[in-house]
Amino acid sequence: MYNQELKIKNKKSKTGSTTRRESTILHFAFFIFICLISVSLIASCGKKEVKKVSPESTIANELFGIAETIRNAYVKNDRATLERNSTKEGYRELIGAMKSFDSVELTFTPRWVDIEDSVIYLNVSWKGTWVVSGKKNEERGMAIFVLEGKPPKLARVLRANPFKQPE
């Protein structure tokens with residue numbers, strides 16, 4: 001009689017929707033599925049920490065902008081902009097180094113900024129190509145722009161002056 005009851009129980013479970021083992025596997029798979037969704041939601045909803053810009057970085061970016069403004073004014077031969085962004089001595093130095101040209105391509109790559117009290121030293125690597133009377137001259141070098149005042153203005157150019165065209 002015991003064997004007959006066991007056969008009857010097995011017959012009932014096979015005719016049902018799932019066996020106990022299949023049910024356990026389905027529950028386990030469902031649990032894994034829910035865990036994966038939860039982990040992906042937690043990972044995607046986390047906010048990354050936003051780093052604040054340092055005051056030195058802000059000043060350096062402002063100085064790079066001034067150097068680009070002076071470069072653009074030189075390329076366009078815009079003396080008014082050069083004068084606005086230079087001290088009196090700096091403007092005299094720029095005008096004294098400038099010669100006439102047909103066209104110029106001048107690129108600046110800022111390298112380093114040193115700030116000592118109220119004087120700022122902006123190190124710039126530069127490359128230029130001047131065309132004068134159809135003749136092309138190329139030059140490259142490293143310049144140090146000395147900026148003074150508030151707002152900073154070009155006071156001097158040390159080392160290889162990018163505004164002095166090669167001969």
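Just to verify a result, which residue in the stretch 137-167, among those that are assigned to a loop (DSSP other than H, G, I, E, B) and of a type in the set (Lys, Arg), is nearest to residue 110 (Cα to Cα)?
164
Considering the stretch 118-136 alone, what residues qualify as being part of a strand (DSSP E or B) and in contact (Cβ under 8 Å) with a residue 24 or more places away in the chain?
119, 120, 121, 122, 124, 126, 128, 129, 130, 131, 132
Counting only residues that are surrounded by fewer than 16 Cβ atoms within 10 Å (Cβ to Cβ) and among the hydrophobic types (A, V, I, L, M, F, W, C), which one in the stretch 65-85 is nearest to the chain's Cα centre (by Cα)?
It comes out as 75.
With the requirement that a residue be under 22 Å from residue 81 (Cβ atoms) and surrounded by fewer than 19 Cβ atoms within 10 Å (Cβ to Cβ), what does the stretch 133-145 give you?
Within the stretch 133-145, just 144 meets the criteria.
Name the residue, out of 36, 26, 41, 63, that is of a type in the set (A, V, I, L, M, F, W, C) and either closer than 26 Å to residue 130 by Cα or modelled with pLDDT of 90 or more (or both).
Only one candidate qualifies: 63.
What number of residues within the stretch 99-111 are under 19 Å from residue 125 (Cα atoms) and in contact (Cβ under 8 Å) with a residue 40 or more places away in the chain?
4
The values are calculated or read from the model by the stated rules, or taken from the named source; none is laboratory data. As the structure is a computational prediction, the values presented were derived from the model and not from experiment. Reconstructed Cβ throughout: ideal geometry from the backbone, glycine too, with neighbour counts over all protein chains shown.
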